[in-house]
Structures are given as structure tokens and as C-alpha cells.
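We did not get these values from a lab; they are worked out from the coordinates using the rules stated. Note that the structure is a prediction, hence the values are computed from the model and not measured. For neighbour counting, all protein chains shown are included, and Cβ atoms are generated from backbone atoms with ideal geometry for every residue, glycine included.
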């Protein structure tokens, strides 16, 4: 049973109608094939119409859809020989970040991603996709390993934020993320980052410094979640939709502001409607980006990567606007 | 007719008991309530002589404390905030900036200056908490990036004095990316072998902690400062318990291995210059 979001009501109704028709058809009394074909066409139209005009908050909801593919779903599809590597060699293995080598159409990649859980038990096991410092340190260890063996890196970003807890603070959450930002800037191998769901703040950026930073179509990326933004600026959670608009967190906004390098399209209605197709699109895109990057020398890669992030910002100097 | 009649006196201070203190001449310690003459306080680097409370001070005070004879040259003073997202919460971002500028006389939440500290040439980036909570937007990110470049190109040691609530929400993802920008610049400074001293003062949290503030060759804290990634209120709400005493303090961070040492503001200048003389002479 699919979970429909509130703005998907028309889709839900039409799907129900369609099922009824199909049932009648199956009973074999009346021929409904024309009506079914008609309705199926209409369904596609209505879907196209709805998903073309989504606002920020609706995209946030889609990015959190309970059936949306998570990192490991994509990884198993695009790199079937994936071998997961565990642990930061210091404290423990953080379950909210997974990583390991895998082959994408003949090319070995180090693939690292935030990992969420599908049911209550899994969600707890994965800490809701909120890494502790050892998660970021594991990620860095694996990235260094990729650098050593001259393999490109693919990171999949999907987190509601880094874990805010006692232990996270004791073990230096801030330091762990900061270290990753600095080290990722000077990795000698190509780094491709893709936001596949939620991109919340430093917890996302901690594995998000790359030569190409992409967002999938129904995702968001910002400094804070719309809920927290609402509660800080408006002192209530009720303004989350308004906050989502104000934060300009959609892929289109992010691309327009030159804060990401591109958008990866998703199947109609979102990746969860067709995870296989979504993986295929992702794979194609990653291969294309890697082809562009593999020609560059390590020095060029690092220079361009740092240059790109250095140009991010909007300020006035002597009253001249630079953005 | 009211139901209750007040018998005891209300909590009011009678006007004849009020002590009038003109602004700027005296300062009352928020912790021990001792009243100190302003000139004595400046002499004591804005530390309460009675209980060692470190008053929250801004770039102006820090520059005067650190630079010889209070002489320094300010850099990149003309950079001001844009409004990339047309952000409006309870009031427009541009109005918020204007108000803060008028209130503080500052352009934004960070100033950069270069000069000598006990004869050693340094460049200092220092935050002003009074300007929207010392929050990091594009201006702070750009100024820090430039101060790092300045240190690298001139082979001058860099100090960043952090005092910030974290990223500036009104610049959303722009402010997030300042973390990557400043950290990337530090990677280059690192390769050049120029020292970077990160000074953590009360408070240093959020995106500042998760980027340059924790990346010093030396992370040095003032006593009893709040330093952390997540704010205490958020953590308390998440775990549903009160936080242990001293959690996220300078002393806590030193104990857990994230701060090299803690130095009272009164000894800061001498200790920092001693350290720099130990490790670095300009190429």
C-alpha cells in the first residue's frame, strides 16, 4: 500500500478508481479496456501537473517519503559487488553512515552514504540517519583509502542532521565535521556528491565537499530544517512551510544560486515510484560526471574544487554586489 | 472587590534605594555583582577582578588587548552583506542588518586587522557577538577566507577569535557553504606551514565549531566558555534530560581532548606570542 502525501490526493483517488475498473474487467462481465486506457492516460497527465508545480515544503515531504530509496538501495542497484567496510578504527562503527568499494559499470568507486532505516527498529539502529563523530571519521578514513588506491569517490547525502547528543559532543562532533571539510577539499581523486533525500546542515556537508555536487529532483539542502528554522525565527513549528519557502532549499533554487552543480531527474512522482529507474538515472549521471573529471590532474581537481567553494557567497564591496 | 489582598510588600525597589550608575563609567559583574570602575576593567582586560568572570567583548576590545600599543590596520572593512534570498522572517533581513549596523556601529559580525603582538606580526579575524549573535553569513565567510589568504601570502600567523551562535539562518545555504569555503582555504594554509591559532570564546557553537574554529594548529579557549556543535537547549530536548554540570565548557573540551589549553584573557597576549616565538619565524 502506497503512502500518499496530502497534495497527492487526486492521484490517490484516480488510482483507486483505476483499481476498481480493473477489478470489474477481471470479473469479465464488461469490457473496460477503453476506460482503463483513458484513465491511465489521465493519471499520467495529472501526475505531471502535480509534480511540476511542487513548492518547497512539498519537496521536503517527498524527500522524506517513507518508501523513498535510501543509500544502500541505490548502492546495491548501481554497484552489485559492493563490499561494506566498517568502523573508524578509533571508537566504533557508526550505522548512520555506510561505505565501501563497489564497481559501477567497470569502474571501482568508493561509495559512502548516510543511511536511514525503514521501520522503527531499523530507524533506531541507524539513529535516523544522524551520524555521530565516528561516522564522519569512518567516512574520512574510507576517502583516504580511496585516495591511496586512486579510486574516485561517490557520496550519497540523506540526513536530517548530525546527531545532537551527549556522546556526540564528548567525542567532538564539530571537530569531526570540520576535519572532513578541510580534508575533502584537498583529496587527490574525483569526488562526486549527490543529495538523494535530505541535506540538513553540517551533517550533510560533512560528506558533501566535492568536484560535482548534485541534487536529485525531489530533495532539499540547507543550513537548517524548515521545522527548526520555523521554531527559531517564528518561535513555533507552524511556519515550516513558510520557512521552507524562505530558505530557498529546493534543487532549482540551489542551482540558481550556484551552490550546487546540477540536478538529477527522478521518475514521475519521485524515486519511490520506480527505484530501479531512479538508480539507472543516477548511475548514468555518475558515469557522465566521472568521465568529465577523470581527465583532470589531481592538482587541477583540487584547485578547481577550492575555487568553486571560494566563490560561494553574496556580499557587497564598495557597494558593488558580488554573488 | 478583589479576592486576594496583598499583605506583604511587592517586589519593588523604592526609588530612594535605587543606585544610579551612569552608562560606561562602571560595570556590574553579571556573575558576582561586584561593581568595577570601567578604567579598572579595561586595565584587567575586561575580566572581573573579584571572580574572574570574562565579560563578553568585541573586536574593538580584543584588538586593543592583543596589538602592541593598540596599533593595528583594519583589512577588508568595506565588505557588507547582500540579501541573496530576499529573506523575511518577522522582519526583512535587510532591515535586520541596517538595525544591527546602527546599533553596533559595525558593518557585520567580524573584523580583520593586522599588526604586531609583542613584536610578532599577526593577522587577526575577530567576531562581534553583538552583531546578530556573531552569526556567520557570506560576509564573515569571505573575510575569514581573505584573512587566511593574507596569512598564507605574507607568511604571517593567523588568529581567529570565535564568538558566535553559528550559521546565519537568513542566508540559508549560502551561510552553510561558508563552512566549506573557510575550511578549504585552511587546507591551503596548512600546506604552506603558516600557523593558525583558533581562539574559542564564549560562546562558540554550530557551524563555526564545525568548521574553522576546530581546525586550529592550536585550539585555545578562554576559561568557562560554552563551546559545542549542537546548542545545549537542542541536546536537552533530544535526550530529555538535564545536562551534566560543566558540559560543553572549555574545561570539558580540554578534558575530552579538543582544546590544547585554556588561557585567561589577562595572560592571553603573552602566552600566544610565546607560543608563536617557539614555533615560527617568518620565511
Counting C-alpha atoms alone, how compact is the stretch B:111-172: give Rg to one decimal and Dmax as a whole number, in angstrom. 12.6, 41
What would the Debye equation give as log₁₀ I(q)/I(0) for the stretch B:140-238 at q = 0.14 Å⁻¹, counting only Cα atoms as equal point scatterers? -0.51
I need to check one value: relative contact order of the stretch B:154-281, counting alpha carbon pairs closer than 8 Å and at least 6 residues apart, in percent. 24
Based on C-alpha coordinates, I'd like the Rg and Dmax of the stretch A:37-97, in Å. 18.9, 61
Normalised by the number of residues in chain B, what is the relative contact order in percent for Cα pairs under 8 Å and 6+ residues apart? 13
Spread of Cα-to-Cα distances over 10 Å intervals beginning at zero, given as percent, for the stretch A:6-53: 27, 47, 21, 5, 0
Once both axes come from the Cα atoms, what is the angle between helix A:9-27 and the longest principal axis of chain A, in degrees from 0 to 90, rounded to 10? 50
Just the Kirkwood number for the protein assembly as shown, please: inverse of mean 1/r across all distinct Cα pairs, in Å, one decimal. 26.1
13 Å reach of a label modelled at residue A:40, 7 Å along Cα-to-Cβ, counting backbone N of the stretch A:1-18: A:18
Separation of the residue A:268 and residue A:108 label points, Cα + 7 Å toward Cβ, nm: 4.2
Between A:307, A:198, A:19, where does the largest GNM mean-square fluctuation fall for chain A, given springs only between Cα atoms within less than 10 Å? A:19
For the stretch A:28-103 and the stretch B:80-134, distance of Cα centres in Å: 43
Enter the mean number of other protein chain beta carbons within 10 Å of the beta carbon of each residue in A:231-242, as an integer. 1
Output the direction-averaged projected area (hull surface divided by four) of the convex hull of the alpha-carbon atoms of the stretch A:220-307, in nm². 7.8
For peptide B:228-235, the mean count of other chain Cβ atoms within 10 Å per residue Cβ is 6
Could you check what % of the DSSP bridge pairs in the protein assembly as shown are antiparallel, to the nearest 5? 45
Place a point 7 Å from Cα of residue A:22 in the direction of its Cβ. Which residues in the stretch A:64-84 have their backbone N less than 13 Å from it? none
How far is it, in nm, from the label point at residue A:29 to the one at residue A:167 when both lie 7 Å from their Cα along the line to the Cβ? 6.1
Hey, what did chain A get for relative contact order, percent, Cα under 8 Å, at least 6 apart? 15
Counting each DSSP H run of 4 or more residues in chain B as -39500 (n - 2.57), what helix-only mean residue ellipticity at 222 nm follows after dividing by all residues, to the nearest 500 deg cm²/dmol? -10000 deg cm²/dmol
So if I restrict to the alpha-carbon atoms in chain A, what is the Rg, and what is Dmax, the biggest pairwise distance, in Å? 21.3, 79
Note down the Stokes-Einstein diffusion coefficient of the stretch B:47-194 in µm²/s, whole number, using a Kirkwood radius over alpha carbon pairs, 20 °C, and 1.002 mPa s. 133
What percentages make up the Cα-Cα pair-distance distribution of chain B when the bins are 5 Å wide from 0? 1, 5, 11, 15, 17, 16, 12, 9, 6, 3, 2, 1, 1, 1, 0, 0, 0
Ignore the peptide's own chain and count Cβ atoms of other chains within 10 Å of each Cβ in B:210-219; give me the average, rounded. 5
Hydrodynamic radius by Kirkwood, which averages 1/r over all alpha carbon pairs of the stretch A:160-288, in angstrom: 16.0
Which order do the peptides A:255-262, A:200-207 come out in when sorted by mean C-beta neighbours inside 10 angstrom, highest first? A:200-207, A:255-262
